[in-house]
Amino acid sequence: MLLAIDIGNSSIGLGLFDGEALVFTAKLSADTKRSADEYAVTIRGLLSAQGVSPASITAAAISSVVPKLTHTIENALAWRDIPAPIPTLIVGGGVKTGISLKVDDPATLGADIVTNAAAAVRRYGAPVLIVDVGTATVISCVSEQKALVGVAIAPGPVSAQEGLSRSAALIPDAELSRSSGVLGRNTPAALRSGLVTGHACMIDGMIARIMEEYRLPAATPVVITGGLAPLVTAECRHPLIYDKDLTLRGLYHIYTATAAAKHKKG
């Protein structure tokens, strides 16, 4: 079994693959103050609740945008009751993903962006656009030649709300949910309109501009993922494909492709 781990700024996604089947997913908080031992206990507990022994995990694949947690989670996978370490792939420079990176400095590109691109091409073909709505909202474009040609990054809805609350004394915290109209008649409703409907408008507008600038076919699939994707998708007008586990599936594809290439060479 392969344990796929997506380390984000706010949360850590876990996915357990039995062959190609994703049989279990879970979310943990991303906390750089937690130790490897603490994460090991948590991960083992989640696996145990599913009747999965750590001994059945034959490999792991990690995508991370938090370097400090990468090392912590890697150490957490060193099960002390299993003599052989788990072969672990960390997505980064030098890892073959099936996607060429046509950006100025590939080393600065987030591993989650590359992993999502690899998964989207594998599942939906190329060209393809990917929208990842989390702490940041990231919009990526992969060309027909399977090249990642550019990325746009904006604050996610929660990050935008936190920024407003810090900067404006009279802006309260408001629950993020679908707005009842384009304009609100009170402050919480106005915030929901701006933060959710406004975010959806930004996504729609960026999709239109990217498709125009890169001369993409009208039928180009647009895949949306991330923790807040369901909330924003409902407000978007452009057709979107919601893929909750896109990053985890990308990790599976990258790991299996890498393992197959090593086997072929060996």
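The values are calculated or read from the model by the stated rules, or taken from the named source; none is laboratory data. All values reported here derive from a predicted model rather than from experimental measurement. Note that we place each Cβ from the backbone using ideal geometry, even for glycine, and neighbour counts take in every protein chain shown. Areas reflect the complete protein model, heavy atoms only, side chains present, ligands, DNA and RNA absent. Shrake-Rupley method; radii C 1.70, N 1.55, O 1.52, S 1.80 Å.
³J(HN,Hα) across the stretch 88-95 via Karplus (A = 6.51, B = -1.76, C = 1.60, θ = phi - 60°), whole Hz, x for Gly/Pro?
10, 9, 10, 5, x, x, x, 7
What FRET efficiency, computed as 1/(1 + (r/R0)^6) with R0 = 25 Å and r the Cβ-Cβ distance, is obtained for Asn75 and Thr258, rounded to the nearest 0.05?
In this case the efficiency is close to 0.70.
Under unit Cβ charges (Lys, Arg +1; Asp, Glu -1), what dipole magnitude, rounded to 20 debye, does the stretch 175-266 have relative to its Cα centre? Show your work: numbers first, answer last.
On the way: 11 positive and 7 negative charges, 74 e Å.
In total the dipole reaches around 360 debye.
Assuming R0 = 41 Å, what is the FRET efficiency of Ile171 and Arg215, from their Cβ-Cβ distance, to the nearest 0.05?
0.50
Hey, with R₀ at 51 Å, roughly what FRET efficiency would Ala189 and Ala55 work out to, going by the Cβ-Cβ distance, to 0.05?
Computed FRET efficiency for Ala189 and Ala55: 0.45.
Over the stretch 1-122, give the accessible area per residue in Å² for a 1.4 Å probe, as an integer.
Working: 5940 Å² over 122 residues.
The answer is 49 Å² per residue.
Once neighbouring chains are kept in place and the probe is 1.4 Å, which whole percent of the accessible area of the chain is contributed by carbon and sulfur?
54 percent
In debye, nearest 20, what is the charge dipole magnitude of the chain about its Cα centre with +1 on Lys and Arg Cβ and -1 on Asp and Glu Cβ, if you could check?
In debye, rounded to 20, the chain gives about 340.
Hey, in the GNM for the chain with a 10 angstrom Cα cutoff, which one of Val114, Val138, Val103 fluctuates hardest?
Val103
Defining a contact as two alpha carbons under 8 Å apart and six or more residues distant in sequence, what relative contact order in percent does the chain show?
Relative CO of the chain lands at 17 percent.
Put +1 on the Cβ of each Lys and Arg and -1 on the Cβ of each Asp and Glu in the chain; which of Thr197, Leu228, Leu109 then has its Cα farthest toward the positive end of the dipole?
The residue sitting most towards the positive pole is Leu109.
Under a cut-off of 12 Å between alpha-carbon atoms, report the aspartates and glutamates in cross-link reach of Lys27, not counting same-chain residues fewer than 8 places apart.
Asp6, Asp245
Going by a ≥ b ≥ c, the root eigenvalues of the Cα gyration tensor, does the chain fall in the rounded group (a/c under 1.5), the prolate group (a/b larger than b/c) or the oblate group?
It is oblate, given that a/c is not under 1.5 and a/b is not larger than b/c.
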